[in-house]
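Data first, discussion second: the structure below is written as structure tokens.
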Amino acid sequence: HNYRFAVRLLYLKCLKQLSDSGLIEWKIDKTNYAYLNELKNEGQRAAFGSLTRKFEYVWYGEFLIDASLYGDISSSFSNFNKQVP
């Protein structure tokens, strides 16, 4: 029930998928917003921006989430990942 860590894993998986598809170039010293700015497609950029905010609230802001909220966040990541080739 470590939903905070699970959200981090969802975000890292998302970054990996974006990198594997060539939409971003992953580097250890880049910020989340550097990746956001690499996305050319406006729709993807907006959706990834929303995911980034959710991740940062949970991970860096230590925003507490329960199973229900995690389910909503997980669905958002899943829907985004379906749009990435």
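One table, with the values for the structure above:
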| item | result |
| --- | --- |
| Per residue, in Å², the accessible surface of the chain once ligands and nucleic acids are set aside, probe 1.4 Å | 63 |
| The chain - convex hull of the alpha-carbon atoms, volume per residue in Å³ | 85 |
| Heavy-atom accessible surface of the chain: percent carbon and sulfur, 1.4 Å | 55 |
| Protection-proxy order for peptides 23-30, 2-9, each taking the mean of Cβ atoms within 10 Å per residue, highest first | 2-9, 23-30 |
| Expected 222 nm ellipticity per residue - DSSP helices of 4 or more, -39500 (n - 2.57), all of the chain, to 500 | -23000 deg cm²/dmol |
| Partners for Lys82 among lysines (Cα-Cα distance below 16 Å; same-chain residues under 8 apart left out) | Lys13, Lys16 |
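The values are calculated or read from the model by the stated rules, or taken from the named source; none is laboratory data. All values reported here derive from a predicted model rather than from experimental measurement. Using ideal geometry, Cβ is built from the backbone for each residue, glycine included, and neighbour counts are taken over all protein chains shown. The area values use the complete protein model at the heavy-atom level, side chains included, leaving out ligands, DNA and RNA. Shrake-Rupley method; radii C 1.70, N 1.55, O 1.52, S 1.80 Å.
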